[in-house]
Each structure stands twice: as C-alpha cells, then as structure tokens.
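The values are calculated or read from the model by the stated rules, or taken from the named source; none is laboratory data. Please read these numbers as outputs of a predicted model, since none were measured by experiment. Note: ideal-geometry Cβ built from the backbone for every residue, glycine included; neighbour counts use all protein chains shown. Please note that ligands, DNA and RNA were not included when accessible areas were found on the heavy atoms of the full protein model with its side chains. Shrake-Rupley method; radii C 1.70, N 1.55, O 1.52, S 1.80 Å.
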Amino acid sequence: MTSLDRKLLRQLWKMRFQLLAIALVIASGTALLVMSLTTIEALEETTAAYYERTRFADVFAHAKRVPEYRKREIGEIAGVRLVETRIDERAILNVAGYLEPVVARVISLPDNGPQLLNALVIRSGRLVDPTRGHEVVVSEPFAEAHRLKPGDSIEAILRGRKRTLEIVGTALSPEFVYAIAPGGLMPDDARFGILWMGRDALSAAFDLKASFNSVAVSLLPGADVSDTVRRLDNILAPYGGIGAYGREDQTSNWFLESEIAQQKNLSRVMPAIFLAVAAFLTNLVMARLVDTERREIGLLKALGYTNWTVGWHYFKLVLAIGTTGVVIGSLAGAWFGHWNTELYTKFYRFPFLLYRPGPVAFIVSATISLTAALAGSLTASYRAVRLPPAEAMRPPSPPSYRRLFTTRFAFSGPDEPTRMILRRITRWPGRALLTSFGLAMSAAVTIMALQWVDAIDTLAETVFERGQHQDATIAFDELHPLKAVRDFENLPGVLSVEPHRYLSARISRGHLTERQGIIGVPESAILSPVFDVSRGRLQIPAGGLVVSRKLAELLRIQIGDTVVVQLLEGHRASFSVRVVQLFETYIGKPAYMEMGALNRLAGDGRVASGLHIRMDAADRSGLLARLKGIPGIASIQFRQAAIDTFFDTMGETIFIFIGFFIAFSMTLSVGVAYNSIRIAISERAQEFATLRILGFTRWEISYILLGEVGLLTWLAIPLGAAIGLALAWWMTSAFETELYRVPLVLQNSTYGKAALIMLASVLVCAAVTRRRLDRLDLIAALKTRE
Amino acid sequence: MEIEDGAAALEARDLMKVYRMGAVEVSALRGVDVDFYKAELVVLLGPSGSGKSTLLNILGGLDTPTSGQVRFGNHPLSFGSERALNQYRRNHVGFVFQFYNLIASLTARENVALVTEIARDPMPPADALALVGLSDRLDHFPAQLSGGEQQRVAIARAIAKRPDLLLCDEPTGALDSKTGILVLEAILRINRELGTTTALITHNAVIAEIANRVLYFADGRIVETRCNATQRAPGELSW
C-alpha cells in the first residue's frame, strides 16, 4: 500500500461520520432504484412465466348463449391458435358462519381433457371429476379467507336453485391474479370467490346445453389482436355478445400491468432526488477538503506527484464513499425489493414468485449512483488538479466579504454574531441555497409520502361517504321490471330502494372509441347519484349523456358534442346522443343517463338491472339471510365492506411505504445538516477559538455556528413545501389511470409534520456536532497558520 | 544528469517575476542573475517581500518566471511544460518549508515514504530519518513530534530521494534557537555528506555564518554577495 493510499484510508476514517452520512444518502437512492428495478423485473418475469405456463389467453369474449358449433368458426379466424369455450356465470354463495352473501364467478372446466387455455394451478386437492356434478374447485384466496379446504362443502345459489357443492381442490388462475368482484375496486377475498365446475353440471344448472357464453382465444405470434376482436364480435353479435377484448383489457392483467407501469414511474423520480442531493453533498465535502488540504496538495506536487495522481487521490475518496453507498444501497434494495414483491403477492396472487434479480438492476443502479457521486466531486477534484504547486503552498487569501446593498440594508440592526451569520450566507449564496435546497428536498419527500394519507382519506370520503348513501347494491342476473322493485321495498329492514340500469356499450366520437358501459339512474337519484367531486350531487338532465372528465378526455369531447353509442347488450341498439354535462370523479370513467331515457333508447320497457338499498342496521342480519335466498340476484356489494377493504388494502401498504420514505428523507436532512455543520466547524475553528479568547461564551459561538444552519432550515420549510406540492402533483398525475385519479390534497398538518420531521433531524445533528465546540483547542487553533 | 564538483549546478539569468493583483502589478523579481555550484551551501538573506521565496520557488520548479531562464546542469528548465517541471521536482529537487508541511495523517516514516515511493534512486526512509537523528521516532505522527522534530522529518523527506538541490525556505523560522540549531546541523550534514547543493532562506543574519556564500536581497534584486572565508558550525551560533 502506498503512503498516499494510507493517507486516504486515515482520511476516510477521520471523516467517517460525515462520509457515512453521504454514503447513506447515496445508499437511499441506490436502494430505491434497486428496489424498483428488481420489483419490476420480478413482477414482469413472474407474470410472463405464469402466463406462459398456464397458457393465458390473448383474447376474451362474453355473450349470452352461443351454440357450440360456432366454435369452429372462431377457430378459423386468421391468426387464432387455440379456442376454448366455456360457461362463465355468477352465483351467490352461502358460506357457513359468514353473515353476508358471497358473490362468486362460476366457470366451467372442460369435460374431456385438460384446459387448453387459462389452465388452473392446483394448490391443494385435485381438479373436479367431470362425472360428478357437485364437485367444485375454489380459488385459493377465497378458501383461505374462509378456511375452506378440500372435503368441505358450500351452499351456492345457481340461477335461483340452491345447490350444495363439495370442494375437491383449491386453485389459482392466471385470469384472477388480481381478483375483484364485478363492480369492485379491490380484491375482497372474503366476499368474492371463483368456483370451477364441470362443464356438464354447469350447463345443466344455467340451461346452456350445447352452448357457451364465454370464449378465450390464443393467437399465433404476430397475429393482429384488434382484427381478431372485430371478427369475434361479428360472430358473437347475434348471440348477445358484449364485446370481445384483448389481454391488455382483461381486468386482472390490466391491474397488474398498470401496477408495473407505476413502479416504473416511481423508479425514475425518487432515486433522482436522492442522487442529486448526494451529488451536492459530495461536492460540498470535497470542495471543503480540497480547500483544507491546499498545502498538502501543493506539497505533493512539490514532491513530484503529478496532477493526475493528486486528482485521482481525491477521486478515490469519492469512489470509496460512492462504493460504500452503493453496497449498502444494493443490499438494502435487494431486501426491500424482495419484501416489496412479496407485498404485491398479497394482492396479486401468483402460484410462485420469481424474485431472482439479475445483475442488470444492480449494475444500472450502481452506475447511476456512482456517476452522481463522482459528478458531484468533479469540480473539487479538478480544482485539486489545477492548483499550481506554489499557489497551493500559500494560504488562501481570506474570503472577501462585502457590504452588499442587502447587507447594509438588512444588517444595520442586528448584533455582530447575527451579522456574521448573514454575511456568511451572502458571501456564499450558492452554497447556502444548495444547503437549503437539500433540506427542502427532505421535507418535500416527506410531504409527498404523507400526501398519500390525505389523498386516500379524501378519495374514500368523497366516493364512499359523500357520493354514495346506499348500504348495499344488488345486481340482478336478468332484467327486472321496475314493479318488482317494490318487492324489495317491502322486505323487513329495507328503508329505501333505488333502481338502476347498467348497459355495456362502446362510445365513440370520430375515430376514437372507448368501451364504457352506461349507467342509468333515476332523475332524482339520492342513494347513488351522479356525483362531482367538487360540485357534489348533480341533477341528471333527461335525454342526454353525462360524461366523466376522464372519458371526455379520452374521447376528446366537450359539452354539446354528439357521440355515437353502440350498446353491446339486449337489442344492441345504436344511437347518437348529446353530451349535456361533464363531471369529475376519482374512480373509473363512467357515463350516466337518465334511466327512463336509457331504457327507451335500448328498446326495453321500464326495467332495472339492479338496486341500491338502504337498510335498517337493527334488521341487518335478518335481511342478509333473506337476500341469500332470493332468486335472480347475481351479486351483492356492501358499501361498508368496500370502505373497509379499501382502507385495509391501502392502509397497510401505504403506511409501510410512508415509513420508508420518512426514513429516507431523514437520511437526506441528516446528510445535509451534519455535513454543513461539520464543514462550518472545520472552516471556522480558528475564528471560534479567537472569539472564545475574546470572551464569547460557548453558547454564543454555538449561536454563530448553528444560527446559519438554523436560518437555512427555516428557509427550507417554505421551499420544501413548494417542492413537496410539486412532487405530490407529479406523483398524482403519474399515478393517474383510467381506474383511479388520486386527488391532490395536502392538509396544512402534512406540511407541518414534514417540517417537524426535518427540524428534528437537523436538531439532532446540531446537538451532536455542537459538542465539538466545547472541545475547541484554543491555543492550537491560534498556532495554526491558516 | 551528473554535475561535476565546482561546476555551476544551477544558473539563473535575468529572472523577472510580475504578479498581477487585480489592477496592480507587483514585481517580485527584477532581473536576478545567480549561479549555484555543486555541493555549495548558499544562504539568501533579506527582508519580507524582497523576492527570496519567489526565486526559490522558481528555481525549484514550483513557479514560473515572467521572463528569464534557468539552466539546471546545462539544460534549460522548460517552464512551459507542467510535465517536465514535475519530473524535475520529482528527480532533482528537495524542499524544506518553514511550516514543515508534513501530512498529519502519515507517520514520520510514511511521510518520508511518500517521496521514496516515487523517486528513482531513494534511500530507505529509515536511513533518511537516521541522517537527521530521528531513528527512534519512525512511527510517530506529526502531532506527536516537537517542532524541531517535525522539521527534521521534513528534511529527511526532502533528502531521501538524494536530490541534487535542497531548497529550504526559512527552515528555522518557526523554531526556538536550540531546536533551530539541531535543524541547521541536519541540513549541513546532508550538504557535506551527500554533496547536495543547498539554498537556504532566512531572516536571521546570524545563520548566514554557516554558508559558503551569502546573497543579500532587496526589492527583487540581489544587492550584495559575500563569500565566507570560514564556515562556522551551527553549534557555535546563538540568537
């Protein structure tokens, strides 16, 4: 080991805390990057492997009843590789010991031979025996939620007929990686399950002998999905087809893909923040180090060391900090990544998880992080290279403070110590600004993290509390005449009932088309009205379309435009309708019409496809028991359950992430504050010693030392609030999907919390470093030449 | 590059150095001609700002003259080339400074090794330290050494590469007379035993008595040159 390297090692040891603080900031950036990249990699790899092994279909379609012989025609569509027809229905389950009715999808398994597409992965037990009509395989998450296992039985209402089914196995399916009930937002494993039964038994139960109502198709490589969708629609249209769709629109896959897309978004911005601050910190520390070591640099050159040897020496120091950061960050990132991916598998159910991060994620992260750190030190290292040896041997001339206009104006009043603080800030405004900026970034990261709590509260409150007032929503399996609604009104425990009509549709304007159902609501809907997030309940005008802002954006429509609606159900009517109102909502991209008008345009009479119900809490259990037995109900959803799952799902994940981000943001503020104070001490030790000799107390010089960082911290609060707002805005827009808009809501208390967290970490640094002033060696400080 | 005894090891001709400080020009050297001979000990005397240090920095390749020439062993120093100056310093020149300029994070031995690692034909660091009488302080850090000891480490560091030139800028300036004498003895010993051409700057006229030749500086010029008929030993001096 050369003497220079030995010097380097001792330097590293001497500055270990300062350097560790920087290394931790780099580590945070690296960890976030590694976590995001490995999570993305794991999710993509797992999804791809799962889809491939289970032959997940490329195109899906549903219809009312299609004769089995049409299957052949589907198989003849150019590009189609495999076709699998099946029966896909809904049922209400009565699970022993569970009060509420459970909604289920019931899907047929082929009677002869294995599944060609969307193959089940059996998790326990076995597949059904096609000859035994009462056997059923249930989805694993549903089984877990109710502690069901092979051998148990459940009661199901299949098209109004009560059946007892025996569970022979539990399974996972690529179609239900993210399993949500029709109309639901989040997986609710207790209230939604999937059952797979023999085709024969199911076709008998739903009166679909020699017919199917669902088809899945896989395509040859290079086949055109949209062309297949169009041809499939043509074939199924006469049989009540409600529009085929490609894999990208398949609900479970759509959620999965948008989750991956959001991770990608996250992987771009967050690490950038940390690495920018890391670059600033290495710059700060290295610039100071080169200043302190001017004479050593000059000496090395006088001794015959070349410029590059000297530059490389300082570069190595940064390399050491960077490498420490990258190593810590990579280890933490791999661990976070594994944890993060596992967290996903709570909501996204895969039979296996491929978390085997390849070298690419680590190489990319390490390269980016090291580049940031080295870039930050570039100017300082270059200064060391440029310093002429004779110049370096002279002490630097004292910084020229000036009485600027501002200082004259502002500093007429304050005492000398305050004047010293202010003059230092105005002498090095760039450095002061960057310090403030670094601290502001830490507050901004906290604000951005805490914003999620505000946003989620607002979203839930707006959607579930202000926008909806029903206790339960019932969907019928067939249209019911409005008269039948009265029967529900008369059930004991029902306070009020409000019918609604839902129709699958394609809405288009010009060449733009969106698959979006239309909801028909009564003109004076109260339980579940059209609700604008800021204007509240909207009266629905008779005879026009009320469109959500997101849908309007996608179709580029404004009030007054006419759109073409192609209904995909019933008589499949097609009509033009004027857009009469736009409204903002956080969830989905719905379109509404007055129910009577919608029914007329659809060519149906006075009918409803479902009901909203308000119930009397006292009679709730009695009513629930009754509802389980009423035929014709396809699904029931409870508002309270939706709220609960929403908070359960979001809450857990969000709080862990907020915890992470607060820890990360604290490494930022500690990194910045600690280094700033330590540098100020080393730069001014002689000044402080002189002041002490002149009779200043420890607290007075502490004031001069910490006053500066204190002032910069105060400046960082409004700056951090502004950057935090911008970051939060960016996050909410980056996370905007067709399904969700996260509202940009920031409570005042959120700013307050972020400022307090930052202040706390700065205070801790101040308390730790201030003690060095007590140990100031007065005599030695005055003997030193510089 | 070998230089014979009695030959001029270093020649400076018409050296000028002008510093520009903002709008003001300061002439630090105003045409200096001087020769240094092999194994000679020359003392440079003069008040602050008279140009001694500037001359020494230029002779040592630390600084460049505004005009004029320096020849080392019949080769002109190419002040235009950073690389050539670096090679010159690395192979031929040893420096001793008033404030020692030791690296605080390296021990005495390591401070010397700093030079021996990059020199062409160095002596072992321990030998260099023995020459200045510090054999028992090899593994002490600068903070654990007295001022005189630190300066002797600096001398050991300067001579460990067996330089042709030893340039000392106020080597005793920060030391009391007793310690200063120890340091001068070390310098003289190197000068005699290794035959190193030595130039020594001082404010202290008494020290001039140990030299072969004394150059008096004032206002950027050499105003007087005096040869000592007899060199006194440092031990005989007092100030």
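Annotations
- Sorting A:468-474, A:544-550, A:20-26 by average packing, meaning the other beta carbons within 10 Å per residue, from highest down gives A:20-26, A:544-550, A:468-474.
- Annotation: for a label point projected 7 angstrom from Cα along Cα→Cβ of B:Val18, residues of segment B:56-83 with backbone N closer than 18 Å are B:64-69.
- Between B:Arg83 and A:Phe352, the modelled labels are 5.9 nm apart [label points 7 Å from Cα along Cα→Cβ].
- Sorting the Cα pairs of the protein assembly as shown by distance into bins of 20 Å, from 0 upward, gives 11, 30, 23, 16, 14, 6, 0 percent per bin.
- Sites B:Val26 and A:Arg419, calculated FRET efficiency, Cβ-Cβ separation with R0 22 Å, nearest 0.05: 0.10
- Model label points for A:Ala261 and A:Phe17, set 7 angstrom from Cα along the Cα-to-Cβ axis, are 4.8 nm apart.
- Segment A:59-247: relative contact order in percent, alpha carbon pairs under 8 Å with at least 6 residues between: 38
- Each DSSP beta bridge with both residues in the protein assembly as shown is either parallel or antiparallel, and the antiparallel ones are about 70%.
- Fraction of accessible area attributable to carbon and sulfur, segment A:494-615 (%, probe 1.4 Å): 48
- Protein heavy-atom accessible surface, 1.4 Å probe, per residue over segment A:712-780: 49 Å².
- When the Cα gyration tensor is reduced to axis lengths a ≥ b ≥ c, the ratio a/c is 1.5 or higher for segment A:494-615, and with a/b not above b/c it is classed as oblate.
- Percent RCO, i.e. relative contact order, over segment A:494-615, from Cα pairs under 8 Å lying at least 6 residues apart: 38
- For the residues of B:80-87, the average number of beta carbons from a partner chain within 10 Å of their own beta carbon is 3.
- Ordered by 1.4 Å accessible area with all protein chains kept, A:Glu708, A:Glu523 run largest first as A:Glu523, A:Glu708.
- Local charge for B:Thr202 was computed over the other residues whose Cβ lies under 10 Å away, with Lys and Arg +1 and Asp and Glu -1, and equals -1.
- Rounded if a/c under 1.5, otherwise prolate or oblate - segment A:31-171, Cα gyration tensor axes: oblate
- For segment A:465-547, the square roots of the Cα gyration tensor eigenvalues, ordered a ≥ b ≥ c, give a/c of at least 1.5 with a/b no greater than b/c, which places it in the oblate category.
- Ranking A:Leu19, A:Leu495, A:Leu319 by solvent-accessible area of protein heavy atoms (1.4 Å probe, all protein chains present), from largest to smallest, gives A:Leu495, A:Leu319, A:Leu19.
- Given A:Lys346/A:Lys753; A:Lys209/A:Lys346; A:Lys316/B:Lys52; A:Lys71/A:Lys149; A:Lys14/A:Lys301, the pairs whose alpha carbons are separated by over 27 Å: A:Lys346/A:Lys753; A:Lys209/A:Lys346; A:Lys316/B:Lys52; A:Lys71/A:Lys149
- MRE, 222 nm, helices only [DSSP H, n ≥ 4, -39500 (n - 2.57), over chain B, to nearest 500]: -8500 deg cm²/dmol
- Counting Cβ atoms of other protein chains within 10 Å of each Cβ in A:302-311 and taking the mean gives 6.
- Spin-label zone in segment B:185-204 - amide nitrogen under 20 Å from a point set 7 Å from the Cα of B:Ala130 along the C-beta vector: B:185-196
- Packing rank of B:60-67, A:271-278, where each peptide gets the mean count of other beta carbons within 10 Å, highest leading: A:271-278, B:60-67
- Per-residue average of Cβ from other chains inside 10 Å of A:501-510: 0
- Surface composition of chain B: carbon and sulfur atoms hold 48% of the protein heavy-atom accessible area at a 1.4 Å probe.
- Taking the longest Cα principal axis of chain B as reference, the axis of helix B:177-194 is set at about 80 degrees.
- Distance in nm between pseudo-label sites at A:Arg771 and A:Glu52 (7 Å out along the Cβ direction from Cα): 5.8
- For chain A, the mean residue ellipticity at 222 nm estimated from helices alone is -18000 deg cm²/dmol, where every DSSP H run of n ≥ 4 contributes -39500 (n - 2.57) and the total is divided by all residues, rounded to the nearest 500.
- From most to least packed by mean Cβ count within 10 Å, the peptides A:616-623, A:188-195, A:643-650 give A:188-195, A:643-650, A:616-623.
- Taking every protein chain into account, the 1.4 Å probe leaves A:Glu569 with about 60 Å² of accessible area, to the nearest ten.
- Paramagnetic reach from A:Trp312 in segment B:97-113 [backbone N under 19 Å; point 7 Å along Cα→Cβ]: B:113
- The largest accessible area among A:Ser504, A:Ser496 belongs to the first residue in A:Ser496, A:Ser504, and the rest follow in falling order (1.4 Å probe, all chains).
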